[in-house]
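Any read-out appearing in this document is the output of simple, stated calculations on the displayed coordinates, not a laboratory observation. Because the structure is a prediction, the values reported are computed rather than measured. Note: ideal-geometry Cβ built from the backbone for every residue, glycine included; neighbour counts use all protein chains shown.
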Amino acid sequence: MESLEGILERLVEAVDGAIVAAIGSTDGLVVEQHPPASHDLAATAAELTHVLVGVGRALGEHADAGATRELMITTEHKLAFVRVVNPELYLLVLMDPSGNLGKTRLHADEAAERLIGLLA
């Protein structure tokens, strides 16, 4: 049987430039991450929850754009890609900014589907 750790491990291995992948909850907690000890993502998950709520309000409610599906944040040293799984969970892939974003989107979609199947 597939595990949360296994889904994240496959995601990190499939994405060029991926450093860590995590499942975050919309209550601001890290549910699982791979590799487990590479980065402390507790504060990141808490802050991303606020960002997702803000984006949802700004675009979904005020601009009639619908629910947030993906979010990409590029910083000086990292790229954070967030794929919303359902109203309670999201996937985060932290990667090198030169990584392959198209591949990240593809594999995050696949991981989200496997995650939904595992939790059903």
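The chain: longest stretch without exposed GluC sites (Glu not before Pro) (DSSP loop, at most 15 other Cβ within 10 Å), sites themselves excluded? Between the exposed loop sites, the longest stretch runs 3-75. Taking label points 7 Å from Cα along the Cα-to-Cβ direction, ARG57 and SER25 give a separation of 2.2 nm. Site pair GLU113 and ASP16 shows an inter-label distance of 2.3 nm when each label is modelled 7 Å from Cα along Cα→Cβ. The fewest-to-most ranking of ILE19, ILE116, ILE7 by surrounding Cβ atoms within 10 Å reads ILE116, ILE19, ILE7. Helical runs (DSSP H, four residues minimum) scored at -39500 (n - 2.57) apiece and divided by the length of the chain put the mean residue ellipticity at 222 nm at -12000 deg cm²/dmol. Simple spin-label estimate for ALA67 and ASN100 gives 2.9 nm between the two label positions (7 Å along the Cα-to-Cβ direction from each Cα).
Under 10 Å, Cα contacts only: if you run a Gaussian network model on the chain, which one of VAL84, VAL51, VAL93 comes out with the highest mean-square fluctuation? Sorting by GNM fluctuation, first place goes to VAL51. Residue order for HIS62, HIS107, fewest other beta carbons within 10 angstrom first, comes to HIS62, HIS107. Mean separation of Cα pairs under 8 Å and 6 or more residues apart, divided by the residue count, gives the chain a relative contact order of 30 percent.
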